[in-house]
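Novice: Before we start, here is the structure in question, set down as structure tokens.
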Amino acid sequence: MLKKIEQKEQTAIPNPTLDKTDLLILKLLQENAKTTVKEIAEKVHLSTTPVHERIKRMEQNGVIKQYATLVDHTKVKKGLMVICYVSLKEHSKNAGTKFIKSINALNEVIECYNISGEFDFMLKVVEENMDKYYDFHVNRLSQIENMGNVQSVFVMGVIKQTHQLVW
């Protein structure tokens with residue numbers, strides 16, 4: 001089975017120590033990444049300078065990986081969401097690296113996980129409609145070198161979708 005292929009070098013501290021204030025700052029930023037340092041400072045009862053320093057430290061330590069805008073895929077002509085389970089024919093490091101490189105080049109794939117079990121990878125794919133997905137599946141995804149089996153599961157509705165961690 002492929003394990004942690006092609007990890008990016010990280011200069012982050014393995015497990016930085018976070019206190020209650022750090023966790024509250026993270027909670028506020030997860031709720032709204034556009035919250036200003038001043039607004040956060042008021043809510044955590046600190047001045048802006050220590051809050052800014054805490055945020056910078058968490059960014060440098062890799063606790064905060066990035067800031068993002070979450071888009072409703074149905075409102076930008078990407079109304080079909082598909083979960084694809086993929087198995088590879090060959091399980092060498094080189095084969096896995098090539099597969100990952102190919103997947104990263106596909107804009108339709110918005111998430112990719114290396115998983116255990118019957119399949120090697122789970123992809124989250126968004127596309128405009130079934131015809132567009134069929135074209136993607138047949139002419140792009142299935143053409144990737146070393147592709148074994150692909151099983152597509154069509155998302156009927158989203159019950160819960162969050163990127164917020166709770167502690």
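Novice: Just a yes or no: is a residue in region 67-86 acidic (Asp, Glu) and farther than 29 Å from Ala33 by Cα?
Specialist: Checked against the condition, which is being acidic (Asp, Glu) and farther than 29 Å from Ala33 by Cα, region 67-86 yields no hits at all.
Novice: Do you know which residues across region 29-38 are surrounded by fewer than 14 Cβ atoms within 10 Å (Cβ to Cβ) and either of a type outside the set (Ser, Thr, Tyr) or at pLDDT below 95 (or both)?
Specialist: If the condition is that a residue be surrounded by fewer than 14 Cβ atoms within 10 Å (Cβ to Cβ) and either of a type outside the set (Ser, Thr, Tyr) or at pLDDT below 95 (or both), then Glu31, Asn32, Ala33, Lys34, Lys38 are the ones that fit.
Novice: In addition: Got at least one residue in region 121-137 being under 30 Å from Thr35 (Cβ atoms), surrounded by 15 or more Cβ atoms within 10 Å (Cβ to Cβ) and at pLDDT 95 or above?
Specialist: Going through region 121-137, the residues under 30 Å from Thr35 (Cβ atoms) turn out to be 124, 126.
In the following step, the residues that additionally are surrounded by 15 or more Cβ atoms within 10 Å (Cβ to Cβ) were identified as 124, 126.
Subset that is at pLDDT 95 or above: 124, 126.
Checked region 121-137: at least one residue is under 30 Å from Thr35 (Cβ atoms), surrounded by 15 or more Cβ atoms within 10 Å (Cβ to Cβ) and at pLDDT 95 or above.
Novice: Which residue is surrounded by the fewest Cβ atoms within 10 Å (Cβ to Cβ), if the candidates are limited to region 61-107 and must be aliphatic (A, V, I, L, M) and in a strand (DSSP E or B)?
Specialist: The qualifying residue surrounded by the fewest Cβ atoms within 10 Å (Cβ to Cβ) is Ile83.
Novice: Continuing with this model, one more query. Please enumerate the residues belonging to region 108-120 that are surrounded by 14 or more Cβ atoms within 10 Å (Cβ to Cβ) and touching a residue at least 60 places away in the same chain (Cβ under 8 Å).
Specialist: Result: Asn114, Asp120.
Novice: Can you tell me which residues in region 142-165 are farther than 15 Å from Met81 by Cα and either touching a residue at least 40 places away in the same chain (Cβ under 8 Å) or in contact with a strand residue (DSSP E or B) (Cβ under 6 Å, 6 or more places away or on another chain) (or both)?
Specialist: Once the filter is applied, which keeps residues that are farther than 15 Å from Met81 by Cα and either touching a residue at least 40 places away in the same chain (Cβ under 8 Å) or in contact with a strand residue (DSSP E or B) (Cβ under 6 Å, 6 or more places away or on another chain) (or both), region 142-165 yields Ile144, Glu145, Asn146, Met147, Gly148, Asn149, Val150, His163, Gln164, Leu165.
The values are calculated or read from the model by the stated rules, or taken from the named source; none is laboratory data. In this text the structure is predicted, and so the values were computed from the model without any measurement. For neighbour counting, all protein chains shown are included, and Cβ atoms are generated from backbone atoms with ideal geometry for every residue, glycine included.
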